[in-house]
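Take a look at the structure set out below.
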Amino acid sequence: MKNEKFDRLLSEIKNEQVEDNVVAQAGERVLKSIAGYPVRDTSSHTLRTCDDFQALIPGYLLKELTPARALLFEDHLHACVACRHAVDESRDGAPQKVWRLESTRRAKPWAWRSAAGTAALAAVAVAVFAFGNGLLPGQHPVRAAVASVNGSLYAVSGEKMRAIPAGYEMRNGEEIRTTKGSTAVVRLLDGSLVELGERSDLSVSRKWRGTTIRLDGGQVIVQAAKQGSGRLYVATDDCLVSVKGTIFSVNNGIKGSRVAVIEGVVRVDYGEHTAELRAGEQATSNSAVSKVAIENEIAWSRNAAKYLALLGDFAVLQQKLAAIPAPGLRYSSDLLPLVPDNTVMYASIPNLTNTLSEADRIFRDQLQQSPALRNWWREQEKGSGPKLSDILDQLKTFSGYLGNEIVFASGKIGTTHTSPVILARVRQPGLEEFLASENRQLSSNPSRPALQVVRDPWAVGPQAGQPLLIYINGDVLIASHDAGELQRAVARLKQGRSSSFSATQLYQQITHAYEQGAEWLFCADMEQILVENVHVARGGQNLPPGIGDVRYLTMEHREVGGKPESRAALSFASERHGVASWLAAPASLDSLEFVSPEASMVTSAVIKNPRSIMEEIFAMIGSNEADFSQHLAEFEARSGVNVLDDLAAPLGGEVTMAFDGPVLPTPRWKLILEVYDPSTLQSTIAKLVDAFNREDTAGRHGLQLSTRQVGSQTYYIIRSSNLANSEIAYTFVDSYMVMAPDVGTIGRAIQTRQAGYTLTHSNTFQSLLPNDGYTNFSGIFYHNIGPVVGPLAEQLKASGALTAQQRQSIDALTANSAPGLIYAYGEPSRIVVASNTGFMGFDLGTLLTMGHNGPFLPQMMLGGAMGHPAPKTQ
């Protein structure tokens with residue numbers, strides 16, 4: 001039954017009479033943006049009633065409307081049932097430029113019931129979403145709040161104006177205006193900031209497609225937050241700017257509009273033109289409006305400069321810390337014989353006393369040189385919790401008593417992991433007194449983990465909330481939370497014997513790692529750790545096939561010849577199979593030829609036969625879901641696609657994903673797949689599009705598959721009929737399928753390959769290659785953030801508004817945004833992942849993060865006993 005009140009409300013809104021002078025003024029503004037409209041006579045075509053909008057339907061279906069007018073049309077459709085029906089009726093009979101596959105097969109009754117249930121759930125979800133976001137007619141929820149006002153700010157309602165203060169909440173569509181010499185900042189609900197220049201007039205509204213800032217005049221700078229759903233729009237009378245998250249300026253005046261981008265990428269639609277602008281670029285809607293120096297457009301870019309300056313300071317600090325000599329390699333360990341008999345996890349770390357002292361000196365020097373870093377440090381030191389400076393001081397003091405190595409070992413009895421044992425050599429007296437002092441500091445705060453220095457481990461009885469028990473005998477420190485583990489370790493020490501662990505294969509793995517030179521070392525017996533999954537009566541069904549054969553995990557980090565080297569190896573009991581074998585042996589990754597040296601992030605791998613992988617996936621799913629085979633058969637019957645033969649079999653074993661350009665707000669991504677049978681794969685895609693459209697009985701989310709010929713190259717484009725700017729393009733080149741968000745991106749990828757201007761041939765990539773016996777990789781992960789932050793940094797430096805310190809920090813940021821490469825090798829019974837640019841987190845970022853929120857070394861060593869502020873000395 002129709003809701004008569006709702007219909008009456010809609011009718012009143014649609015038929016509201018507007019004064020002629022208002023209509024004339026609006027028409028003059030709109031005329032400029034639709035002057036080239038090819039379907040209707042725009043000189044007399046106003047948009048006031050449903051008849052006006054329905055006259056645009058042919059042009060809308062033929063995609064001949066300007067972007068700004070198409071946006072108005074689609075917004076009207078969301079609120080008008082009659083016009084939506086008119087569009088549906090016209091679509092059924094209207095000629096189409098795109099190829100849309102249709103089917104004559106009738107849906108089965110159960111499919112109709114399923115579709116009806118899905119539609120009902122979708123309707124409820126849409127209603128809840130619409131109500132919660134204030135999208136229903138008559139709702140006027142808050143869309144933004146005034147964050148600050150410098151001067152005077154007014155709310156405008158018709159001819160009435162009233163001054164409004166900071167904190168004022170803006171309703172949907174409410175207009176605000178600054179006066180001469182006044183500015184204001186508005187914060188949207190998503191966190192975006194909009195700064196208004198003087199004499200600026202704007203309103204904020206939200207529709208289904210996203211949030212729109214309507215700028216009727218003046219200038220704004222928008223710091224757009226990353227949009228969770230939809231887009232953020234800035235609309236003037238002659239252009240439309242759309243973003244997902246970036247910083248840009250829009251200036252709207254009598255002559256036209258100018259858009260300037262500070263960071264990221266924005267899309268600008270004006271007239272029949274569309275432009276995609278990047279950092280430092282501008283566009284104007286009228287030739288009478290020229291481009292100007294960007295610093296004249298962005299007075300508040302100083303805030304961005306502060307952030308970049310801080311990042312630059314961290315980059316300098318990171319570089320200086322990386323230059324600190326490593327503690328040195330260890331080729332054996334006299335602590336290894338003391339670990340528990342049943343050890344399954346072993347970690348060895350170097351004593352960082354000298355490294356930390358030098359790092360602290362460098363950090364203090366940098367604080368004196370950098371105001372931005374100094375201000376950040378003050379913020380970090382605020383609050384009543386443990387101070388990072390105190391923790392570092394405690395760590396340096398504690399480490400100063402110990403030898404060059406600290407060992408952590410944990411065993412396993414049955415299915416229970418035992419408490420870790422900590423082992424270290426003591427190199428100077430006074431450690432016991434230092435620990436006693438720390439324990440006295442803890443006595444006033446029993447909620448914190450305590451430590452206990454014990455002279456006779458066998459005299460220690462069970463205690464609630466057992467503290468960390470520390471035994472010191474001469475030059476050896478042994479610690480554990482478990483009295484039994486401590487007793488057994490002390491017994492081995494006093495008897496002068498090695499544990500039976502020396503007879504295990506894990507022991508051999510560890511000694512081999514020491515022979516290569518160890519700095520940071522972690523080894524684990526994965527077979528024992530996963531034994532409850534591998535050897536249970538259920539046949540190990542909790543583990544994917546092939547993972548049950550895993551034996552050892554070894555992770556190492558060392559510095560060789562002044563360069564860091566990190567390596568992780570996962571060993572198997574036999575030749576890799578199942579999931580463990582999906583990563584193929586090293587091979588030529590020719591798909592990287594479509595990636596340019598400007599790429600910011602690239603992942604590429606060679607896998608074994610995709611059809612075999614899909615068969616194994618089906619087998620794993622089928623073992624847990626009894627109805628899977630039936631559901632798969634039903635899907636294949638409805639779609640006419642055999643997943644194994646039509647979708648997986650045509651694919652080769654190579655895949656590359658790249659972000660070749662800015663990552664935010666609109667990633668310029670590329671997906672390159674090796675394809676052995678392009679014609680079969682293309683036929684499969686067409687069938688899947690057709691099947692999707694048949695299941696979409698309401699026709700609201702249909703897909704459209706079209707082709708475009710550019711020279712000798714055929715491009716395929718898949719669009720969603722109800723989502724603007726939502727498409728995927730792809731083409732076939734030799735034995736590869738290249739996908740991207742648009743045809744232009746694919747065209748540039750093809751040109752990159754033809755010209756040989758590729759990532760792998762660049763000096764940057766070549767300098768990252770490791771010196772080993774392999775000629776190829778099984779997979780790589782390459783990153784280089786320089787192209788992302790570089791344009792913004794250069795623009796800010798050119799603005800002339802930066803201080804000398806900020807310019808220096810920005811130079812440091814761009815200079816120290818070094819690229820990195822992580823690579824993998826698939827060996828017959830082992831997978832190795834390595835990097836000579838660091839990937840295990842031994843850097844400044846990890847140090848600072850773990851200092852406040854994670855298991856920083858004092859907490860690791862003493863169970864949190866040293867996590868309190870150190871006593872101050874005068």
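Among rounded, prolate and oblate, which fits the stretch 550-592 when a ≥ b ≥ c are the square roots of the eigenvalues of its C-alpha gyration tensor, a/c under 1.5 means rounded, and a/b larger than b/c means prolate? Could the numbers behind the result be given before it?
Details: a/c = 3.82, a/b = 1.27, b/c = 3.01.
In terms of gyration-tensor shape, oblate.
Could you work out the relative contact order of the stretch 216-274, using alpha carbon pairs under 8 angstrom and six or more residues apart, expressed as a whole percent? Before the final figure, lay out each step's value.
On the way: 115 pairs, mean separation 19.7, N = 59.
Here the relative contact order equals 33 percent.
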- When all protein chains stay in place, what accessible area (Å², nearest 10, 1.4 Å probe) is found for Trp458? 130 Å²
- Message: Using a 1.4 Å probe on the protein heavy atoms only, what accessible surface does His577 show? Give it in Å² to the nearest 10.
- Response: 80 Å²
- Considering only DSSP beta bridges with both partners in the stretch 177-274, what is the antiparallel share in %, to the nearest 5? 90 percent
- Query: With every protein chain present, what accessible area does Tyr676 have (1.4 Å probe, heavy atoms only), rounded to the nearest 10 Å²?
  - Reply: 150 Å²
- Item | Per-residue HN-Hα couplings for the stretch 547-555 [Karplus 6.51, -1.76, 1.60; θ = phi - 60°; Hz; x = Gly/Pro] | 6, x, 8, 5, 10, 9, 10, 10, 10
- Note on the structure: Counting only residues 5 or more apart in sequence or on a different chain, those whose built amide H sits under 5 Å from that of Gly210 are Arg231
- Query: Between Arg171 and residues 5 or more places away or on another chain, which pairs have amide H atoms under 5 Å apart, with H built 1.01 Å from N, and which residues are they?
  - Reply: Arg143
- Hey, can you grab everything whose amide H is under 5 Å from the amide H of Glu827? Only 5+ residues off in sequence or another chain; H modelled, so Pro and N-termini drop out. Val832
- Using θ = phi - 60° and Karplus 6.51 cos²θ - 1.76 cosθ + 1.60, couplings along the stretch 362-371 (whole Hz; Gly, Pro as x): 4, 5, 5, 5, 5, 4, 5, 8, 10, x
- Task: Pairs to check: Lys226/Lys687; Lys160/Lys180; Lys396/Lys563; Lys63/Lys207; Lys412/Lys563. Give those whose C-alpha atoms are more than 27 Å from each other in this structure.
- Result: Lys226/Lys687; Lys412/Lys563
- Test item: Cα-centred dipole of the stretch 569-616, Lys/Arg +1 and Asp/Glu -1 on Cβ, debye: 160 debye
- Query: What order, most packed first, do the peptides 709-720, 246-257 have when packing is the mean number of other Cβ atoms within 10 Å of each residue?
  - Reply: 246-257, 709-720
- Could you order peptides 629-641, 351-363, 156-168 by the average number of other Cβ atoms within 10 Å of their residues, highest first? 351-363, 629-641, 156-168
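The values are calculated or read from the model by the stated rules, or taken from the named source; none is laboratory data. Keep in mind that this is a model prediction, so the values were computed, not measured. FYI the Cβ positions are ideal-geometry reconstructions off the backbone, even for glycines, and counts take in every protein chain you see. Note: accessible area is taken over every heavy atom of the protein model, side chains too, but ligands, DNA and RNA are not part of it. Shrake-Rupley method; radii C 1.70, N 1.55, O 1.52, S 1.80 Å.
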